[in-house]
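Computed from the coordinates by the stated procedures, all read-outs in this text should not be read as laboratory data. Note that the structure is a prediction, hence the values are computed from the model and not measured. Counting neighbours? That spans all protein chains shown, and the Cβs are built from the backbone with ideal geometry, glycine included.
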Amino acid sequence: MWLRTSCELNFVIDMPTPFILMLRPRSGAQQWISSEEYLLYPSVPAFEFTDDYGNLCQRLVAPVGDFTVYTSAKIMTADYVDRDPGGMFVDVQSLPDSVLKYLLPSRYCESDRFGDMATEIVAGQLPGYDQVEKIERWLYQNISFIPGSSSVPLSAAEVNIQQSGVCRDLAHLGVALCRSLSIPARFVVGYLHGLEPMELHAWFEAYVAGRWYIFDATQSFKKGGYVSIGYGRDAADVAVYNQFGPAVYPVQQKVCVDSV
């Protein structure tokens, strides 16, 4: 399917403020960026780099006063999410070097605390894809997805105690459960066509049967329309903006995803 995505962030800046932005999706195995627009009001110099996870990031210093960041893109993405029931677990010694970092505990995904719990959840499942799908289903059935309920990231352990959270929080717990079974899992931020309410979205991907697969415990069934902006170990790696100095928050954030 063809989608038009856009994100507009409006800030009021009290002093010159350094920003690192992560708002440009890039073409990959599951999406193709045919055109895009990136506007800064007022216009300031920006410098782009690729971070350690392959994400496109932009550095700039926002001037005092009203400051707006606007991005949009026309994207071809899959009509349906790929599935692979029975997809096999990949032995750690056979994993690509670039995947190994997604086996380790991270700031918001304390996978070293979930071994027994994960083993109980996936009991009787074939190692690999079926285990991750069982984790996804368990999250959907047991952890309440409540949009807007969390303004700061919760760790997997905190989400498990609270038994509720936003999309980011459910993804953290899914990542931690997968990693505790030696299944590489990464956190993803981006867009989802048809999401209600419409906002930036988060989900997780697991590496089984030699490739990455999408899992999203906030949705009742797998559908297409996912557009990835950034990948990382957890939410700390994929903030769409980081600013340095006195805290600055958007006075308005508008996200749109439309069929083309």
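If you build a Gaussian network model of the chain, linking Cα atoms that sit under 10 Å apart, which residue out of Thr17, Thr71, Thr218 swings the most? Highest fluctuation of the listed residues: Thr17.
When only alpha carbons of region 92-233 are considered, Rg and Dmax amount to 13.9, 42 Å. Here Val248, Val64 are placed in order of increasing Cβ neighbour count within 10 Å, fewest first, which gives Val64, Val248. Pairs of lysines in the chain whose Cα atoms sit within less than 21 Å of one another amount to 4, provided the residues are eight or more positions apart or on different chains. Among Ser72, Ser164, Ser43, which one moves the most in a GNM of the chain with springs linking Cα atoms closer than 10 Å? Taking springs between Cα atoms under 10 Å, the residue moving most is Ser43. Estimated from helices alone, the mean residue ellipticity of the chain at 222 nm is -5000 deg cm²/dmol (sum of -39500 (n - 2.57) over DSSP H runs with n ≥ 4, per residue).
Return Arg186, Arg26, Arg137 ranked ascending by Cβ neighbour count within 10 Å, so the fewest neighbours appear first.
Arg137, Arg26, Arg186
Protection proxy ranking, highest mean first, for peptides 240-246, 175-181, 129-135, 196-202: 175-181, 129-135, 196-202, 240-246, where packing is the per-residue count of other beta-carbon atoms within 10 Å, averaged. Placing one identical point scatterer on every Cα of the chain and ignoring solvent, what is log10 I(q)/I(0) from the Debye formula at q = 0.10, 0.13, 0.17 Å⁻¹? The Cα Debye sum returns log10 ratios of -0.50, -0.83, -1.35.
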